[in-house]
Amino acid sequence: MKRIAFLLLFAISMMNVAMAQNPIVRNQFTADPTARVFNGKVYLYPSHDILPPEDYDRKDWFCMADYHVFSSENLTDWTDHGMIVTQNKVPWVRPNSYSMWAPDCVYRNGKYYFYFPSAPKAGGGFAVGVAIADNPEGPFVPEPEPIKGINGIDPCVLQASDGNAYIFWGNGRCAKLKENMKELADDNPREMVRWGNREMEMVGVNCLQGLPNRQAEGPFAFEYNGNYYLTYPYVREKTEVLAYAMSKNPMGPYEYKGLIMEEQPNGCWTNHHSIINYKGQWYLFYHHNYYSPNDDKRRSACIEKLSFNADGTIQLVKQTLRGVGVSDAFKEIQIDRYSSISNRGVEFAYLDTLNRFDGWKTVMTERNAFVQYNQVDFSNGAKGLVCRAQSQGGAKVSIYADGEKIASVKVKAGKAFGDFSCKVKKAVKGVKDLKVVLDKGDAEIDYIIFKK
């Protein structure tokens with residue numbers, strides 16, 4: 001059965017997707033999301049969690065065999081461009097190692113450089129390789145050997161205003177890259193460190209030295225307004241927070257400033273992130289185990305807005321279900337990804353606990369219970385709507401736009417979900433905040449979609 005589940009997930013993952021809200025990709029796991037802006041679009045390079053197949057003996061551990069790339073122009077509709085690198089087609093990677101962890105991708109000198117870690121055929125531990133393409137969605141061609149001198153995971157490349165490129169990896173180590181983007185520069189310092197029960201030579205500087213860094217990994221560095229930011233997850237107690245430090249030099253020393261995001265509310269062990277500016281707004285990409293609540297080794301990418309204080313420090317970001325982006329009124333609006341809800345009478349549940357990628361349903365049980373879903377674009381107006389719902393005893397649900405009632409839909413009693421239609425009573429144009437209110441009865445709502 002596990003083999004069948006693995007193949008099913010693989011087949012699903014090959015499909016193009018157009019999704020919204022958090023998680024942003026809703027037909028496969030997308031952990032460790034690295035976002036980059038290329039050619040006016042946001043490209044997402046996550047790692048790809050899968051269920052462990054039969055030939056992978058660590059059934060309770062992270063399992064990743066390949067990478068996909070996604071793109072979006074509005075942060076709402078995402079296109080899966082398919083697999084770009086897979087473990088058994090990289091010459092230096094140990095076959096069936098399932099260790100293609102957090103990657104990165106940058107553009108320089110007319111090429112796109114995709115950096116990724118994996119388990120090498122020789123030497124043990126982890127190495128970092130690079131694959132090169134002419135376009136951000138590939139095809140990417142892996143180099144025959146990993147980057148010499150890097151023993152670690154989770155690469156991130158910072159292209160600094162000083163004209164140099166710096167690669168960060170593992171527990172906050174950093175070294176300058178040569179202009180070819182495939183080798184470390186010769187002037188990087190080295191030190192001997194203890195790794196488990198053995199000593200080994202480490203290249204580069206330790207940028208996390210002196211900072212809170214208990215079990216830290218996954219560094220992401222960027223530059224803004226004259227400051228360099230080193231952001232990273234670390235285990236504060238039992239699970240990871242997202243923290244950051246600042247410097248005037250890309251290789252530090254960095255001064256610790258605080259948290260970007262607190263621990264996951266459900267105890268998910270890891271978090272991993274990236275930060276970009278897109279069309280004048282800063283965004284934080286991170287992951288959570290929404291589609292795998294009992295298994296925190298299968299995670300999904302999410303987005304929130306990020307803001308800076310006047311002194312350059314970062315404001316704490318709170319996780320939301322609504323996420324970012326404007327939703328199209330004429331596509332399915334999943335109100336379970338809400339902006340706000342009433343204090344009573346509203347709960348949420350998976351539509352199918354055997355296939356959580358089907359999403360959630362909103363369960364409304366008390367009169368005047370409501371769900372609010374902000375930022376819905378009605379374009380040139382709507383004439384009707386369809387509510388996908390079911391009710392044990394029948395229900396009436398009203399929909400408001402910016403506080404004004406625009407429709408009421410009757411949900412007939414039944415044991416299965418059905419489509420219930422009604423007219424929109426008043427022309428609605430522009431971007432509105434929706435509020436769905438239970439007037440009477442009980443209702444389980446899958447989604448609402450408006451009709452022209």
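What follows is calculated from the coordinates using simple rules that are stated; it is not laboratory data. What you see is a predicted model; the values in this text were computed from it and never measured. Neighbour counts are summed over all protein chains in view; Cβ atoms, including those assigned to glycine, are modelled from backbone coordinates with ideal geometry.
Among the lysines, which have Cα under 23 Å from the Cα of LYS182 when same-chain residues fewer than 8 positions away are ignored?
Result set, ordered by chain and number: LYS89, LYS111, LYS121, LYS148.
Fewest Cβ neighbours within 10 Å first, please rank MET100, MET83 accordingly.
MET83, MET100
Explain nothing, just compute: Karplus ³J(HN,Hα) = 6.51 cos²θ - 1.76 cosθ + 1.60, θ = phi - 60°, for every residue of the stretch 32-47 in order, whole Hz, x for Gly and Pro.
Whole-Hz 3J(HN,Hα) from phi for the stretch 32-47: 6, x, 9, 9, 9, 9, 10, 6, x, 10, 9, 10, 10, 10, x, 7.
Give the Rg (one decimal place) followed by the Dmax (whole number) of the stretch 323-452, computed from C-alpha coordinates and expressed in Å.
13.6, 40
Can you list the aspartates and glutamates whose alpha carbon is less than 18 Å from that of LYS415, not counting same-chain residues fewer than 8 positions off?
Partners found: ASP352, ASP442, GLU444, ASP446.
Given charges of +1 on the Cβ of Lys and Arg and -1 on the Cβ of Asp and Glu, with all other atoms neutral, how large is the dipole of the chain about its Cα centre, in debye to the nearest 20?
1580 debye
Using +1 at the C-beta of Lys and Arg and -1 at the C-beta of Asp and Glu, which of ILE448, GLY359, TYR400 has the Cα lying farthest in the positive direction of the dipole of the stretch 327-451?
TYR400
Taking the Cα atoms only, what angle lies between the long axis of helix 2-13 and the longest principal axis of the chain, rounded to 10 degrees?
Tilt of helix 2-13: around 80 degrees.
How large is the convex hull of the Cα atoms of the stretch 221-360 per residue, expressed in Å³ as a whole number?
Considering the Cα atoms of the stretch 221-360, their hull volume per residue is 149 Å³.
Mind ordering 361-370, 25-34, 208-217 by average Cβ neighbours within 10 Å, highest first?
Peptide ranking by packing, descending: 25-34, 361-370, 208-217.
For ALA310 and LYS41 in one chain, what is 0.36 nm times their gap in residues minus the Cα-Cα distance, to one decimal in nm?
94.1 nm
Fewest Cβ neighbours within 10 Å first, please rank PHE220, PHE126 accordingly.
PHE126, PHE220
In Å and on Cα atoms, what radius of gyration and Dmax does the chain show?
Radius of gyration, then largest Cα-Cα span, for the chain: 23.5, 74 Å.
Can you give the relative contact order of the chain as a percent, counting alpha carbon pairs under 8 Å and 6+ residues apart?
With pairs under 8 Å counted, the relative contact order is 11 percent.
Which one, PHE70, ILE50, SER161, is farthest towards the positive end of the dipole of the stretch 2-306 when Lys and Arg carry +1 and Asp and Glu -1 on their Cβ?
Positive-end residue among those listed: ILE50.
Expressed as a fraction of 2.2 N^0.38 Å, the rule-of-thumb size for a compact globular protein of N residues, what is the C-alpha radius of gyration of the stretch 12-106?
1.11
Report, in deg cm²/dmol and to the nearest 500, the calculated mean residue ellipticity at 222 nm for the chain, where each DSSP H run with n ≥ 4 adds -39500 (n - 2.57) and the sum is divided by the residue count.
Calculated mean residue ellipticity at 222 nm is -1000 deg cm²/dmol.
Going by how many other beta carbons lie within 10 Å of each one, how would you line up HIS68, HIS272, fewest first?
By the 10 Å Cβ count, ascending: HIS68, HIS272.
Treating only the Cα positions of the stretch 285-385 as identical point scatterers, give the base-10 log of I(q)/I(0) from the Debye formula at each q in 0.13, 0.20, 0.24, 0.25 Å⁻¹.
Ignoring solvent entirely, the Cα scatterers give -0.64, -1.21, -1.35, -1.37.
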